Amino acid sequence: MKMKKTMFRGALILVFLLIPVVAISQGMVQGTITDNNGLPVPGANIVVKGTTNGTTSDFDGIYEISIDGFPSTLVFSSLGYSTREIQVSSASTLDVILEESVMGLDEVVVSGLASSVKRRNLANAVATVSAAELAGVTPPKTLDGALAGKFTGAVVNANSGAPGGGMSIKFRGVTSINGNSQPLYIVDGVYVDNSSISSGGLNAVSQASGGGNPSSQDNATNRIADINPDDIANIEILKGASAAAIYGSRGAAGVVIITTKKGQAGKTKVNLTQGFGFNQVIRLQGQRNWSEALAESEFGEGALYAAALSSGRLRDYEEEIFGEEGLISNTNLSASGGNDKTTFFAGITNNDEDGIVKNTGYKKTSFRLNVEHNFNTNIKLSLNSNYISSVADRGFFNNDNSGTTIGVALTSTRPWDYLLPDANGNYPDHPNNSSNPLQTRDLMTNSERVNRFILGGSLDVNLYSKQNSNLKLVTRAGVDSYNMEAKVIFPKELQFQRPDQGGVNGVSAITNTNNKNANYSAFLVHNYFTDNDLSFNTQVGATNEHFSRNTVSVVASDLIASETNVDQGANQNVNQNRLEQEDMGFFVQETVNYQDKLIGTLGLRGDKSTNNGDINKFFYYPKASIAANLNNFGFWGDGSFMNRLKLRAAYGEAGTFAAFGSLYTVYQSTLVDGNVGIVVPLTQGNPEISPERQKELEIGFDMGILDERLGLELTWYQKRVDDLLLLANTEPSTGFSTKWENAGELENTGVEIALNASIVNKENFSWDATLNWWKNTSEMVRMDIPAYNTGGFGTGLGTFRIEEGKSVTQIVGTNVDGDLVQLGDAEPDFQTSLFNNINYKNFSLSFLWHWKKGGDNVNLTKLLSDFGGTSADYDEISLDPGGTIPNGVYRVNNGIFAGNATPFVEDASYLRLREIGLYYKVPSKHLTDWFGDVISDVKVGFSGNNIINIFDYNSYDPEVSNFGGNGLSTGVEVTPFPSSKRYMMHISVQF
Amino acid sequence: MKIIKAIRILMVVISFVLVSCELDGGESLNGASTSSISDDISRGELTQAVSGVLSDMRVGLSTHNDVKSIFGREYYYFTSSDPRYEGDVVVGNLDNNTFYVTTPWGARYATVKNINLILEGLDNTTADFSAAEIAGARGVLNTLKAYELLMLSDNQHDNGIRVDVSDSENLGAFLDRSAALSSIAGLLDSAAGELGSAGDSFAFGLSSGYSGFDTPQTFLQFNRALMARVSAYQGDYTTTLAALNASFFDLAGDLDGGIYHTFSLSGQDIANPLFIALNQTANVRVAHSSFVTDVQDGDTRLEKVVERDEPREATGLVGTHDVALYGSNVDNIPVLRNEELILLYAEANMQTNPGEAVAALDVLRTAAGLPAYTGTTTPAALEDEILYNRRYSLFGEGHRWIDMRRFGRLSDLPNDRSTDNVPSAIPVPANENK
């Protein structure tokens, strides 16, 4: 092809030379081709329609084409972008913006550990999120939060609104009940840690997990929040084992594969983006409709109410605490450039965000340098480096058993309570609670400080390359290393720290975590093509991963003066927790492509790990898939409305490891009268424990019609997870409460539909839309142990229950008759999202609606406010079926005291305008007029996040989780940090 | 051709992976495995393992004591964070899968497990323990095990407890109250035998809560004191008197003399879970109103409660007095005190030797600032007087509910709300699959 084109071009030039005057309307058209973000598109094809006259754009996206006769139509196309046709009537300058293709048919998608495949040949429903979709509309709070609603098959849930994140993501239903259910994150080939590490000292004060659930209620950040969304070029999501089998025993919960931006050869481009904005609480619960009479009847404090009223001292403390407008500033400076040998991308981002509660906030600085160097045409080295420094101040929220968290304290706070400090900063004691929430907010510290390096390198060597075969060696190494220092300080001035109030005279805690993941892999990739377009791709390789973590926490109490060093106290409590794991595996895969008509793949991953009972036993994870592009069989002609129809089926298996240490029954240390002692743990280990195994079958079809202006993807999947890791209840008289067992099987079945449309595609006006719809249902198909409750506060308040034949995410509780019944299900009935991107001239408007229909929460915030007599809806009557008892009384007397959990299980549906962004791109000719060649691109705009939220849920936000992200327990609410909406304005300048 | 070549390379790589890369590692990094004790306990480990037992005996103590004290209408526990103490527990509607049932049960059996692992380790040990040292360790451990089992049986009563739980895979049958008490008495007797052949000292240390009871001879006095309690519960007063005789029972001695749980704030130690400062609002232990109204004039034992600045109300229940048994969060909590032994002595003599019973009671009355007992000495009258003194002498130590139950008087306990009720036993946790 290339030869022919060059020859033809040569011929054309000859013609031009010979008859320059014949064609009167002949002329040159030139300009720059850029993408939505104003970045140049190099290597784009420009062809005069109906001819073979064509050219390509250079590194800076600049093209020049001579036209024989006007008017002519120019066709602009490039891999991964929608093709555009523009009529030209005279020789002129024509700058063209190519939209990234809605269908993304030509983008390449991961298919093996060392190979990728064009989307049109892909047999799996792999979702991709581009840079523009991820952060192009509005800057996301965190990377994982930015995924909500952008593709099918996921439940993305924020655990709290505290700055710095805390998210849970589940692909295609619950994949593990007591094992890890959060996806694996791979950034440029590096296994990136996403742990949530609780800070010492919080539970010591809140006593949240004293007598009740052992899960973490401390609301720690999950560490994927460190990754800077601005650096990301592309995210691919493997939602289940059929695609994620290549990641073996770590793939069952899905894999999020993140690729960061690379440099473009050519002129060095510098881009500066600045965003300003603010946070605001989405919804406040409001106040009970207080009056002197009500204050008297409820608390006998009518006189205090009247006094406060007359002196203007009535105060809405919810507003006082959550009513801040936290400022946000995002600065991003990036540079990209290089030559044909070496390219680089460098970026520095600084995010600074205040929370909606005073003294909370998040600061992050991320520096990235990605370099690629071609030694020659056969050897390519690339190096990706990222340094992140972040600080999150997260306040003190969620459940407690001591009346100390700000959230719980608010439930007992009445408007006439006077809690403000005097001129010297002395806070009054709360007259109705053991802590003064304003004092706690102002004086306590709960911060997480992270320093993190992520380094990844790869070396690709073409070992040989012949006419019809080639062999490539791909080697990769990656390290993710971070140190996190979590500081928790409760000064002795706090009401609940004072010894006369039963306090311990101040608590200061340091929790230091060192985490290092390292992974190495080497692959041989062999391609072989036959003359009749049959191609074989063979890859074989070995992988090795190391995971190491060491957390040491020191909690000091009875502090000296106002010192906070942990040695400056009477008592120190030290804890250390280590994790060391090494996995080793191999991977082989064969893909056969017959003329892009039939594409079949077979693969096998074998994994062994020090986390298994037999550390040198291999666990094998096979995969197989086939795709048939019916449109390439010639059943219908080129002119048909059907441009593309692909049938696909994929099967794969993947695993989830047992939690580290679950093989062993390990003594815990204790102290009595100065003597160290050892005591049995709650959970009995099981030396026989093995990884869970997920088997997923996925079938579907993709079609494109009407010149690919309408695309449809439909996928049905069924995944069964066998050998489920269950923290089974044991007879407690064994001395243990629970024991690890491989003891059950669950099944998720679901449907995912994605409809893409290019509704309008004119030169000055384009409108693309994507409609996603997805649904999952789950069932516990087998249980080898008795049903058990998990992730809640017992059947009187609503709890999850793992029970054969029932939905895995069912919420049960005792009803008004005292019978244990299913009261709800955390699984949504369905979710749907609608993304629109409208470009008119230099304006672009994008917005994303996300509707989650159904799915229930356990809401206990209102109940705690009822006990404090402060619920906003205390006197309303909407819960009592008899229509006589006020809600506050009903929840207490007819709810918890009657053993009736019904009022606490609530529908958590929502409809949100997740993201909206309106941008104006200053026309380049103005820029040239104003700045000459210095500034090539200027964009300004407004955007917002969660601006519109519609829900009936009776609290701050149906997206909430008292118990953090893992397992089933999302959706249990106890006085959380409320979530917020964000308003931003932006300016972006390219030099 | 090429495919064959590729396959050949593939074989080479796979065999490379399979053959040359053996993993090593795979250890429990975060603590000693339980088998390290049960397979062969060493001298150094013995003290640590016994300390573990003493420490674990305190776990769940507040839940255990609060539930019993609420049942006995000694005090209420109101906490803003968990309404079930003023709900389920006062109403007497106990869910068999909620913490107030499962925590005390699980904590006591965890201690029993700790003990059983050491007993197993003592059978298997290769360390240079003498026979006397092993007998001493067994005597102490079996005595403590009997105490833990008694705590369980006190709660579950005729719902039953398992006594033989040494094999997790093969748990023993449920024993009702009377069978459990016989079994516990048997365990105490055999422990007494072991202590008798334990020489003059133990091979391990005990906490300061056992000071005065830290040799085989003196620990035996604790063993016998427990036997006195168990036999009184059995109604076998002859044995009670014999056991008291061999115990540290002392009519002239310090009423507070005895064995205690100790607490501190250092390191992994725990604070006294029953301490709450006075006049708190969020979490309070407030005396039942009858404790104040039923007291005899001048009884200084009323000082165990202190009137609050403001009453604390909780859904229809009102507390006007804070429980003030403990002055700080490191105060000791009694396991067994001489004061109880004096009461057991009075009880054991109530029918057979009323004069001796009155003499014992007068020791306590005098100490409490009351005049000597002048009422009739019929068993019924003395029973009333004993129960009065047990109520005030042992207030907040978890006795009243058990006392009222064994004397058939549970229905005498007051219920402040129409919904309230005093149950006769705590259910067996659901997970026991009884």
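Just tell me which lysines come within less than 20 Å, Cα to Cα, of A:LYS775; anything on the same chain fewer than 8 places away is out. Within the straight-line limit of under 20 Å, A:LYS775 reaches these lysines: A:LYS150, A:LYS170, A:LYS239, A:LYS695, A:LYS719, A:LYS806, A:LYS852, A:LYS853. Computed FRET efficiency, Cβ-Cβ of B:ASN170 and B:GLU313, R0 56 Å: what is it to the nearest 0.05? After rounding, the FRET efficiency stands at 0.65. Normalised by the number of residues in chain A, the average gap of Cα pairs under 8 Å and 6 or more apart makes the relative contact order 12 percent. In this structure, the amide hydrogen of A:ASP937, modeled 1.01 Å from its nitrogen in the peptide plane, lies closer than 5 angstrom to those of A:GLN990, counting only residues at least 5 positions away or on a different chain. The Stokes-Einstein estimate for the range B:281-328, based on a Kirkwood radius over Cα pairs and taken at 25 °C with 0.890 mPa s viscosity, is a diffusion coefficient of 217 µm²/s. Comparing A:GLN822, B:PHE174, A:GLY338 along the charge dipole axis of the protein assembly as shown, the residue lying farthest to the positive side is A:GLY338, per the Cβ-charge model.
A simple charge model with +1 on the Cβ of Lys and Arg, -1 on the Cβ of Asp and Glu and nothing else charged puts the dipole of the range A:642-724 at about 260 debye relative to its Cα centre.
In chain A, helical runs assigned H by DSSP with n ≥ 4 each contribute -39500 (n - 2.57); averaged across all residues and rounded to the nearest 500, the mean residue ellipticity at 222 nm is -2000 deg cm²/dmol. Counted over the protein assembly as shown, the DSSP beta bridges are approximately 95% antiparallel.
The value of relative contact order for chain B, using C-alpha pairs under 8 Å at least six residues apart, is 19 percent.
What helices does chain B hold that run 18 Å or longer along their axis, going by alpha-carbon atoms, with a Kyte-Doolittle average of 0.0 or more, using DSSP H for the helix calls? It would help to have the intermediate numbers written out before the result.
On the way: long enough: B:2-20 (27 Å, 2.08); B:43-56 (20 Å, -0.02); B:99-124 (37 Å, 0.05); B:131-156 (37 Å, 0.22); B:177-196 (28 Å, 0.64); B:216-234 (26 Å, -0.14); B:354-367 (20 Å, 0.64); B:379-393 (20 Å, -0.82).
Helices passing the filter in chain B: B:2-20, B:99-124, B:131-156, B:177-196, B:354-367.
Pick out which of B:GLY139, B:GLY375, B:GLY160 has the largest mean-square fluctuation in a Gaussian network model of chain B, springs linking Cα atoms closer than 10 Å. Greatest mean-square fluctuation among the candidates belongs to B:GLY375. Kindly identify the range A:924-991 as rounded, prolate or oblate by the Cα gyration tensor criterion: order the square roots of the eigenvalues as a ≥ b ≥ c, call it rounded if a/c is under 1.5, otherwise compare a/b with b/c, prolate if a/b is larger, else oblate. Cα axes put the range A:924-991 in the prolate bin. Applying D = kT/(6 pi eta Rh) to chain B, where Rh is the Kirkwood radius over alpha-carbon pairs, T corresponds to 10 °C and eta to 1.306 mPa s, the Stokes-Einstein value obtained is 67 µm²/s. In order along the range A:470-477, the phi-based Karplus estimate (6.51 cos²θ - 1.76 cosθ + 1.60, θ = phi - 60°) of 3J(HN,Hα) comes to 8, 9, 10, 9, 10, 10, 9, 9 Hz; Gly and Pro are listed as x.
The value given for the range A:85-199 is a Kirkwood hydrodynamic radius of 17.6 Å, derived from the mean inverse Cα-Cα separation. Along the charge dipole of the protein assembly as shown, which of B:PRO379, A:SER196, A:ALA233 sits closest to the positive end, that is, farthest toward it, with unit charges on the beta carbon of Lys, Arg, Asp and Glu (+1, +1, -1, -1)? Going by the charge dipole, the pick is A:ALA233. Note on A:ASN550 and A:VAL574: their simple-model spin labels are 1.3 nm apart, each label 7 Å out from Cα toward Cβ.
Summing Lys and Arg as +1 and Asp and Glu as -1 over all other residues whose Cβ lies under 11 Å from the Cβ of A:VAL75 gives a net charge of +1.
Relative to the current alpha-carbon distance between A:ASN424 and A:THR55, full extension at 0.36 nm per residue lengthens the span by 125.3 nm.
Each Cα pair under 8 Å and six or more residues apart adds its sequence gap; the mean of these over the residue count of the range B:251-342 is a relative contact order of 47 percent. Based on alpha-carbon centroids, what's the gap between the range A:420-464 and the range A:865-928 in Å, whole number please? Comparing the Cα centres of the range A:420-464 and the range A:865-928, I get a distance of 27 Å. Using only the C-alpha atoms, the convex hull of the range B:313-434 corresponds to 191 Å³ per residue. Note on the protein assembly as shown: dipole from Cβ charges, positive end direction compared against A:TRP416, B:LEU61, A:ALA649; the farthest Cα belongs to A:ALA649.
Modelled this way, with points 7 Å down the Cα-to-C-beta line, the labels at A:PHE641 and B:ASP299 are 9.4 nm from one another.
Annotation: amide H-H contacts under 5 Å for A:PHE897 (H modelled 1.01 Å from N, sequence separation of 5 or more, or interchain): none.
Going through the range A:606-692, which chymotrypsin sites (Phe, Trp or Tyr not before Pro) have at most 11 other Cβ atoms within 10 Å and a DSSP loop state?
Details: sites: A:PHE618, A:PHE619, A:TYR620, A:PHE633, A:PHE635, A:TRP636, A:PHE641, A:TYR651, A:PHE657, A:PHE660, A:TYR664, A:TYR667; in loops: A:PHE618, A:PHE635, A:TRP636, A:PHE641, A:PHE657, A:PHE660, A:TYR664, A:TYR667.
Within the range A:606-692, the qualifying chymotrypsin sites (Phe, Trp or Tyr not before Pro) (loop, at most 11 other Cβ atoms within 10 Å) are A:PHE635, A:PHE641.
Using a Gaussian network model of chain B with C-alpha springs under 10 Å, which one of B:ASN96, B:ASN30, B:ASN124 is most mobile by mean-square fluctuation? Judging by the Gaussian network model, the answer is B:ASN30. Our analysis of the protein assembly as shown gives Rg over Rh at 1.04, with the two radii drawn from alpha carbon positions and Rh computed by the Kirkwood formula.
If you average 1/r over all unlike Cα pairs in the range A:171-260 and invert the result, what Kirkwood radius do you get in angstrom? Hydrodynamic radius (Kirkwood, Cα pairs) of the range A:171-260 is 15.0 Å. Here each label is just a point 7 Å from Cα along the line to Cβ, and for A:TYR620 and B:SER201 those points are 6.4 nm apart.
Bear in mind these aren't lab numbers, they're just calculated from the coordinates by the rules spelled out. As the structure is a prediction and not an experimental result, all values here were calculated from the model. Please note: Cβ atoms are built from the backbone with ideal geometry, for glycine as well, and neighbour counts cover all protein chains shown.
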